[in-house]
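Derivation of every value follows stated rules applied to the coordinates shown; laboratory data play no part. All of these numbers come straight from a predicted model, not from anything done at the bench. Here the Cβ is made from the backbone with ideal geometry for all residues, glycine too, and neighbour counts use every protein chain on show.
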Amino acid sequence: MNKRADTLKLSANEFRDKQDKAITLLGMSGVGKTFLSNILRESDWFHYSGDYRIGSRYLNEPILDNIKKQAMQVPFLRDLLKNDSIYIANNIAFENLQIVSTFLSKLGDPELGGLPLEEFKRRQKLFYDAEYAAMFDVPEFMQKAKDIYGLNKFVNDAGGSLCEFEDDSVIKMLAEHTLILYIQANDADEKRLMERANAAPKPMYYRAEYLDEQLEIYMKENNFEYVSMIDPDAFVRWVFPRLFYARIPRYERLAGTYGYTIKTEDLYQIKNEADFLQLVEKTLGE
């Protein structure tokens, strides 16, 4: 198991004795962060979903603007919107964050649902800024959880792209307020995530430098002159394994410096809060 830097280490006894417990879950989408969060939520842990905060607060207006643009292309809806006969609202939920993915979208041929490069990068930057802000909201929501709901246990269900920030300011802040737990996928889980991404390619966030690098390789491999020639799903299928393995050392560095590592095979044995606390104490004690 990885350990945090000496100044941030926490013993099993210290964690056990803390009345106010707070954790941040780190790892690729699909490794079990929300699975664990939902288990803890049943035992009065406040569940803070980074993606929910992004969609409901920081990307709410851009999401609605995008939906309105699409609606304005339909004459029937355009007339109703223009005379304020209807309105559009964001109905995002913890269990359904698709509206965030839909806004993020994919790169490529507009006829296949893709976005031009400039618009794709604009939305990527908006998402980056939104995730950054959402993570810095964690301390405030920890206090709200206590003041409003009387909950002193807090789980930050962070997005899979948390490792992609340009510096460590966010993770340092989170390490000061929460226990960072990196969920490390085993070989079977890696295979499952690859199969899922291939069967149903979904929008993702890419570091700007990484996107430019991979896009150049993909365009050369396929002899494409224009981004509009890209099949959006085909590009996601191609880039996902590369992104997955590029993120692993970034997760491991953050966990080794600021947090701890738990494995998916241990995570999936958790049935309740007691199982989770036992795993954490074992991890801190090693």
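Summary table
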item: The chain - percent relative contact order, Cα under 8 Å, separation 6 or more; result: 37
item: Taking the stretch 2-140 and dividing mean pair separation by its residue count, relative contact order in percent (alpha carbons under 8 Å, at least six apart); result: 22
item: Sites residue 43 and residue 242, calculated FRET efficiency, Cβ-Cβ separation with R0 51 Å, nearest 0.05; result: 0.85
item: Protection-proxy order for peptides 278-284, 259-265, each taking the mean of Cβ atoms within 10 Å per residue, highest first; result: 259-265, 278-284
item: Quarter of the Cα convex hull surface for the stretch 141-240, i.e. its orientation-mean projected area (nm²); result: 9.3
item: The chain - share of DSSP beta bridges that are antiparallel (%, nearest 5); result: 5
item: Gain upon complete extension [residue 216, residue 35; 0.36 nm per residue less C-alpha separation]; result: 61.5 nm
item: Gap separating the Cα centres of the stretch 208-278 and the stretch 108-162, nearest whole Å; result: 17
item: Rel. contact order, % - alpha carbon contacts under 8 angstrom, at least six apart, the stretch 90-233; result: 41
item: At R0 = 41 Å, FRET efficiency that the Cβ-Cβ distance of residue 72 and residue 147 yields, to 0.05; result: 0.45
item: Inter-site label distance for residue 84 and residue 96 at 7 Å from Cα along Cβ, in nm; result: 2.8
item: Residue-count net charge about residue 269 - beta-carbon cut-off 15 Å; Lys, Arg +1, Asp, Glu -1; result: -3
item: Shape metrics for the stretch 53-198, restricted to C-alpha atoms - Rg then Dmax, Å; result: 18.7, 56
item: Simple label model, 7 Å out from Cα along Cβ direction - residue 19 to residue 209, nm; result: 4.6
item: Span-like helix ranges in the chain, DSSP H, alpha carbon extent 27 angstrom or more, Kyte mean at least 1.6; result: none
item: Ranked packing of 64-71, 44-51, 28-35, most packed first, by mean Cβ within 10 Å; result: 44-51, 28-35, 64-71
item: Computed log₁₀ I(q)/I(0) - Debye formula, equal Cα scatterers, no solvent, the stretch 76-162, q 0.17, 0.25 Å⁻¹; result: -0.97, -1.23
item: Directionally averaged shadow of the chain, computed from the convex hull of its alpha-carbon atoms, nm²; result: 16.7
